[in-house]
Amino acid sequence: MIIGVGIDVVDIERFEQTLERTPALRERLFTVEERGLGIASLAARFAAKEALAKSLGAPAGMHWTDARVVTNGDGKPSLEIGGTVLARANDLGVDSLHVSLSHDAGVASAVVIAEG
């Protein structure tokens, strides 16, 4: 059963300007493993975290770094969650998350489906 669906889009250039203006934002939004990625990949991961929050009802108090986008050897993305995000997912009865990422023509996008 689908518990929630979230989608988000990010203008990559605007996102890059925001990170340049506020360098500490990179640490608040991304895990250590994510921080070294290129700007298009970071924008897609930010979109995924936004979409994840939306799929979980966007409650206050979730921490950005309690979710991480990882890719397998074939490049397929998935979400690893812990802490505040895992607690919310457990409260809702989520037992799997599906994520799709894309970035092209200056835009990054993500869709997340929470299933229980």
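Compute a Gaussian network model of the chain, connecting alpha carbons closer than 10 Å, and tell me which residue from Phe15, Phe46, Phe30 fluctuates the most.
Evaluated over the chain, the most mobile residue of the options is Phe15.
Once the dipole of the chain is set up with Lys and Arg at +1 and Asp and Glu at -1 on Cβ about the Cα centre, which of Ile7, His63, Phe46 lies farthest towards its positive end?
His63
For the chain, report the % of Cα-Cα distances exceeding 24 Å.
That fraction is 20 percent.
Between Arg21 and Val9, what is the spin-label point distance in nm, taking each point 7 Å from the Cα along the Cα→C-beta axis?
Modelled inter-label distance: 2.1 nm.
Once you keep just the Cα pairs under 8 angstrom separated by 6 or more residues, what percentage relative contact order results for region 2-115?
Answer for region 2-115 is 39 percent.
Which residue, Ala60, Ala40, Ala48, has the most motion in a Gaussian network model of the chain that connects Cα atoms within less than 10 Å?
Fluctuation is largest for Ala60.
Test of understanding: in a Gaussian network model of the chain with alpha carbons linked when under 10 Å, which of Ala105, Ala44, Ala67 would top the mean-square fluctuation ranking?
For the chain, modelled as a Gaussian network with Cα springs under 10 Å, the answer is Ala105.
How much accessible area per residue does the chain have, in Å², with a 1.4 Å probe?
With all protein chains present, the chain gives 55 Å² per residue.
Using θ = phi - 60° and the Karplus curve 6.51 cos²θ - 1.76 cosθ + 1.60, what whole-Hz ³J(HN,Hα) does each residue of region 3-9 get, with Gly and Pro shown as x?
8, x, 10, x, 9, 8, 10
Which value, in debye to the nearest 20, gives the size of the charge dipole of the chain about its Cα centre, when Lys and Arg are +1 and Asp and Glu are -1 at the Cβ?
200
Round to a whole angstrom and tell me the spacing of the C-alpha centers of region 1-22 and region 52-116.
Cα centroid of region 1-22 versus Cα centroid of region 52-116: 12 Å apart.
Mind giving me the nanometre distance, one decimal, between the label points for Ala105 and Val70, set 7 Å out from Cα along Cα→Cβ?
That separation, rounded to one decimal, is 3.4 nm.
The values are calculated or read from the model by the stated rules, or taken from the named source; none is laboratory data. Just so it is clear, the model here is predicted, and its values are computed rather than measured. Note that each Cβ is placed from the backbone with ideal geometry, even for glycine, and that neighbours are counted across all protein chains shown. Heavy atoms of the whole protein, side chains included, go into the accessibility calculation; ligands, DNA and RNA do not. Shrake-Rupley method; radii C 1.70, N 1.55, O 1.52, S 1.80 Å.
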